[in-house]
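A single structure is presented below for examination.
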Amino acid sequence: MERRLAAILVADVVGYSRLVRADEEGTIEALKALRSDLIDPKIAKHNGRIVKLMGDGMLAEFPSVVDAVRAAAEIQQAAAERVVNRPADKRIEFRIGVNLGDVVIDGDDIHGDGVNVAARLEALAEPGGLCISSAVYEQVRDRIKLPFQDMGEQGFKNIDRPVRVWRLAATSEQPPSRDTVEAEPLPLPDKPSIAVLPFDNMSLDSDQGFFADGIAEDIITELSKFRSLFVIARNSSFSFRGRAINVKELSERLGVRYIVEGSVRRAGNRVRITAQLIDAVADAHLWAERYDRDLNDIFAVQDEVTLAIVTAIEPTLGSTERERAHRKPSESLGAWESYQRGLWHAYRFTATENAEAQSHFRRAIERDPNFAPGHAGLAYALFLSVMLGFGGDAESSVAEASEAAHKAIILDPEDAFGQATVGRVHQMKGEHEAAISAYEKALALSPNFASAHYGLGMTLIYSGHPEEGLPVVDEAIRLSPRDPMLWGFLTLKGLAFLAMDRNEEALKWIRKALRQSNAGVRTHLFEVVALAHLDRIEEAQQALQRVYTIKSDFDIDFVRATAKMMHPSSAERYINGLRKAGLLE
């Protein structure tokens, strides 16, 4: 059996099945043109060989690692330039992975562990991005001037060792941090605690990952309605997607006893869902089941899975605890899937991704105007756009968010997410009492809803009650210690200490927030304020310059918009701190 060392490149089209469904002939022709005009010449230019085409994917090998990475980077750059003026839902984008490894020669084909790792790296890359293994990085780090970012060691399924991964982003944004607030294992709560991992997508169509995410998220939502359970938030449990981590470590890092994992396989109008419950502390499987159903029965299946899990965790909960949660799901899976995709984009916290999220939420509403989560999702995306200063008319965004949020709770008053978005609308208007009331309604419906705890804590702190708000924010962090909004949780703790004139503690928490890669511009502003009140004026001025770098259109109007949401005493300290740092009105 012949072997050789090779640089392996694996590429795949993002959302190919979706693109084909929307425009079959146009997509196929566009992909052919990309291959003949761009991909094939780039690979040939860098001495590579296309081993095989796999529908919407490609496997290539290179004798040089440097050539492989240069080819990948040039392909992504040229591909991005070709689609820059196309609508987001019609762009052909690639994910690429590059690995250096031993391959088995089979005629013109290659196989082996080196190829498998390259394929896993490709799946980890973002649209338009590139992931490489540490073996590749060590060879190219001093030869290619590209801004690779260390993603740490990643565990891949069916790969028996962790692989350190480096990422070349499609944009300048940093990869999501995997840091938690606590370095030590989290203690178990005093009641049954559970985390639901993202379900594996076993469908032939990779784009159905959104469908699998939705199944797991709905199970989390339903479990959260049981007051007798401690349920980890979606955003923390989903941060372990695709990583081979043993259940004992998961238990320690999330502070839970029970883990739920499963898979979804969708084919035609049929779906198969498997789920299993694991006692991570005892390392024992407690329950497993498989459900084969028509898609029109999917919501009933989700309820069955949820009830079965609850029953397996605590049989003594009795009939009251096992009572089926009443829900009002949309019969249109198209609306539901658009909503799931909107959430995925919203949680990336950039202006471009936020616009994409709004587009998906609007599409969900178009497909089913009575689908409450679609309206709530749109309100949430508009809230983020205003709070993070993504541009546009803030006043009209607040008005549209208000209309969407109230529409959501009219359609489904029992939806905690909808009630929380009403709270966010009142927050933006500085209507603190109404915001608190809305968040309390959300928590009455879903006591483990970390985002509602965060919103309530924010409102208490902004309204002049930082001592009351701090423990509420701590509860949000405990419920979701790996949340994409962790930077917001930590920032809020800093803001509370600022309001109490405890500036050293404020700066400590704000800088913890800034170590999270996706921290928003307001976090940088609060760093300026903390430094100014500590009379570290030179540092404050430097921090203010970073604000201008992050938000080029930053001005006093943005400051005033933030101050309007605050208690007068906090607003005065906020503005005075910025003045001390040199902000001119």
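The values are calculated or read from the model by the stated rules, or taken from the named source; none is laboratory data. Keep in mind that what you see is a predicted model, and the values were worked out from it rather than measured. When we count neighbours, we look across all protein chains shown, and the Cβ atoms used for this are built from the backbone with ideal geometry, even at glycine. Ligands, DNA and RNA are stripped out before the accessible areas are found, and what is left, the full protein with its side chains, is counted by its heavy atoms. Shrake-Rupley method; radii C 1.70, N 1.55, O 1.52, S 1.80 Å.
Sort out for me the Cα centre separation of segment 467-503 from segment 132-169, rounded to whole Å.
What the calculation gives is 33 Å, centre to centre.
State the dimensionless ratio Rg/Rh of segment 1-98 (Rg: radius of gyration of Cα atoms; Rh: Kirkwood radius). Present the calculation step by step, with values, prior to reporting the outcome.
Details: Rg = 13.9 Å, Rh = 14.0 Å.
Taking Rh as the inverse mean 1/r over Cα pairs, Rg/Rh reads 1.00.
If you take the square roots of the eigenvalues of the alpha-carbon gyration tensor of segment 483-585 and sort them as a ≥ b ≥ c, do you get rounded (a/c under 1.5), prolate (a/b over b/c) or oblate? Working shown, then result.
Working: a/c = 1.27, a/b = 1.13, b/c = 1.13.
Because its axes are fairly even, with a/c under 1.5, segment 483-585 counts as rounded.
Taking 35 Å as R0, compute the FRET efficiency from the Cβ-Cβ separation of K90 and I50 and round it to 0.05. All intermediate terms of the calculation are to be shown ahead of the outcome.
On the way: r = 26 Å, r/R0 = 0.73.
Calculated transfer efficiency: 0.85.
What shape does segment 353-471 have by the C-alpha gyration tensor, where a ≥ b ≥ c are the square roots of the eigenvalues, rounded means a/c under 1.5, and otherwise prolate means a/b greater than b/c and oblate the rest? Walk me through the numbers before you get to the answer.
Values: a/c = 2.07, a/b = 1.35, b/c = 1.54.
Because a/c hits 1.5 or more and a/b fails to exceed b/c, segment 353-471 counts as oblate.
Heavy-atom accessible area per residue, the chain, 1.4 Å probe: how many Å²? Could you put the intermediate results ahead of the total?
Details: 25080 Å² over 585 residues.
That works out to 43 Å² per residue.
Still on this structure, please answer the following. Taking Cα pairs under 8 Å and at least six residues apart, what relative contact order does the chain come out at, in percent? Kindly include the intermediate steps, with their values, before the conclusion.
On the way: 1069 pairs, mean separation 51.5, N = 585.
For the chain, the relative contact order is 9 percent.
Just the number, please: carbon plus sulfur as a percent of the accessible area of the chain, 1.4 Å probe, no ligands or DNA/RNA counted. Working shown, then result.
Numbers: 12170 of 25080 Å².
Taking all protein chains in place, the chain shows 49 percent carbon and sulfur surface.
Here is a further query. Given G129, W344, V14, which one lies farthest toward the positive end of the charge dipole of the chain, if we put +1 on the Cβ of every Lys and Arg and -1 on the Cβ of every Asp and Glu?
With unit charges placed on the Cβ atoms, the residue in question is G129.
Same structure again: Once the piece of chain linking S517 and E249 is laid out straight, how much longer is it, given 0.36 nm per residue of separation minus the C-alpha distance between them? Spell out each step's value before the answer.
Working: separation 268, 0.36 × 268 = 96.48 nm, distance 2.36 nm.
Separation in residues times 0.36 nm, less the Cα-Cα distance, equals 94.1 nm.
Residues of segment 91-125 with amide nitrogen under 19 Å from the 7 Å Cα-to-Cβ point of E2?
What the label zone holds, given the 19 Å backbone N cut-off, is 101-115.
Pull up all non-local amide H partners of V104: gap of 5 or more, or a different chain, and H-to-H distance under 5 Å with H placed in the peptide plane.
Result for V104 returns H111, G112.
Note down the nm distance, to one decimal, between modelled labels 7 Å out along Cα→Cβ at D535 and at R143.
5.6 nm
Moving to a separate point now. Are any of the pairs K407/K551; K407/K429; K493/K564 more than 23 Å apart by Cα-Cα distance, and if so, which? It would help to have the intermediate numbers written out before the result.
Working: K407/K551 32 Å; K407/K429 18 Å; K493/K564 19 Å.
Among K407/K551; K407/K429; K493/K564, the Cα-Cα distance tops 23 Å for K407/K551.
Which lysines, if any, have their Cα less than 17 Å from the Cα of K225, not counting same-chain residues under 8 positions apart?
Hits, sequence-local ones excluded: K191, K328, K441.
Using Cα positions and a limit of under 24 Å, work out the lysines in reach of K52, with same-chain residues fewer than 8 apart set aside.
Partners found: K32, K42, K157.
So between M500 and V104, what do we pick up on full extension, going 0.36 nm a residue minus the alpha carbon distance? Please report the intermediate quantities before stating the final value.
On the way: separation 396, 0.36 × 396 = 142.56 nm, distance 6.50 nm.
Net length gain for the segment: 136.1 nm.
Straight-line reach from K90: which aspartates and glutamates fall under 12 Å, measuring Cα to Cα and dropping same-chain residues less than 8 apart?
Counting by Cα, and skipping residues close in sequence, K90 has these aspartates and glutamates nearby: D23, E24.
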